[in-house]
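Visitor: Here it is, the structure, as structure tokens.
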């Protein structure tokens, strides 16, 4: 793996490196870790990489790695830069034959997203988007139960992602994560809704297998002087007739990362909470409530395949991220060997999910500004 971004002081880069290394399937061999060449070099030294594999920028890395013999060059690139620097390295990597793992959102705007989708189709290269919450075993259990019709036809979806860390104007303190996430030049047209609302949208579509067809959005910027939304409430219509509610907020004081989802069908419902990820609550019309646990008996193969340790040993955020990297590695190895990947491990978000996320951001902002409100998705 080569890495673009994720240098000293970056949060998500370290998460990606730990997740990629979790199963011993992926080795970090090179990187362009910062737009500042000196910081990139220092980051490479801290990661104990050879100096000739630490590059000044992603362009230099991609071209230099391409010249190395097969088996020595990087096999794929991991992109962990801020939003406005996803498209450049992803496009160049695909054009030069390198598969891509990219942090979400896919790109800065819709035009870039569609161009990347086109390139993936033209090249046939693997592309994974790290919507990491899809990697939890109990999320995969929920998806499998819905897919097998155990809840009956889905009628209602309620998904929320409240945080409180931007309840004050933290960006004025030069806090790195707050600074770029609230800057439209680096984050894009949406704030909280682009940052965490897309996780809620992706989780709802992933578990249900449905797609949002219409939405009605109300975005607000509560903190004076902030340039992007920090709170949003959305009504949803799905393609099977189900209705939904989505809210995402970064000014919900005291909240941490409270991504929660409830899905109700004709026969029963389910509930999953990211801060208690090893439990999946199932509620039936005519049976007692059940609590399914990661690693427990009777789980679907999709959940079992993404569980590493025995029941009662918590698996969390890094393991969920790791499942995406592991599945990507399994599929890439199979392709390199001319084999068909096991369908169980082809389960990771792709460029198509990234395009859906960018469409969601665009339509939410459009709806919030519109007097019409209901916007087709």
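Visitor: Could you figure out which of (1) touching a helix residue (DSSP H, G or I) at 6+ places or on another chain (Cβ under 7 Å); (2) in contact (Cβ under 8 Å) with a residue 12 or more places away in the chain; (3) not assigned by TED's automatic domain parsing to the domain that holds residue 240 isn't true of residue 306?
Guide: (3)
Visitor: On to the next question. Hey, can you tell me all the residues within the range 7-33 that are at pLDDT 95 or above and not in a helix (DSSP H, G or I)?
Guide: 22, 23, 24, 25, 26, 27, 28, 29, 30, 31, 32, 33
Visitor: Does residue 302 count as assigned to a loop (DSSP other than H, G, I, E, B) and at pLDDT 95 or above? First the steps, then the outcome.
Guide: On the way: assigned to a loop (DSSP other than H, G, I, E, B): no; at pLDDT 95 or above: yes.
No.
Visitor: So is residue 321 part of a helix (DSSP H, G or I), in the same structural domain as residue 237 (by TED's automatic domain parsing) and crowded, with 21+ Cβ neighbours inside 10 Å or not?
Guide: Values: part of a helix (DSSP H, G or I): yes; in the same structural domain as residue 237 (by TED's automatic domain parsing): no; crowded, with 21+ Cβ neighbours inside 10 Å: yes.
For residue 321, the condition - part of a helix (DSSP H, G or I), in the same structural domain as residue 237 (by TED's automatic domain parsing) and crowded, with 21+ Cβ neighbours inside 10 Å - is not met.
Visitor: If you check residue 76 against the conditions, is it touching a strand residue (DSSP E or B) at 6+ places or on another chain (Cβ under 9 Å) and closer than 20 Å to residue 131 by Cβ?
Guide: Values: touching a strand residue (DSSP E or B) at 6+ places or on another chain (Cβ under 9 Å): yes; closer than 20 Å to residue 131 by Cβ: yes.
Yes, satisfied.
Visitor: Tally up the residues in the range 34-52 that are touching a residue at least 12 places away in the same chain (Cβ under 8 Å), under 25 Å from residue 318 (Cβ atoms) and in a helix (DSSP H, G or I), please.
Guide: Qualifying residue count, the range 34-52: 6.
Visitor: Restricting attention to the range 324-353, which residues are within 21 Å of residue 214 (Cβ to Cβ) and crowded, with 20+ Cβ neighbours inside 10 Å?
Guide: The first filter runs over the range 324-353 and keeps only residues within 21 Å of residue 214 (Cβ to Cβ), leaving 352-353.
Across the range 324-353, the qualifying residue is only 353.
The values are calculated or read from the model by the stated rules, or taken from the named source; none is laboratory data. These numbers come from a predicted model, not from an experiment. No Cβ is skipped: glycine too gets one built from the backbone with ideal geometry, and neighbour counts run over all protein chains shown.
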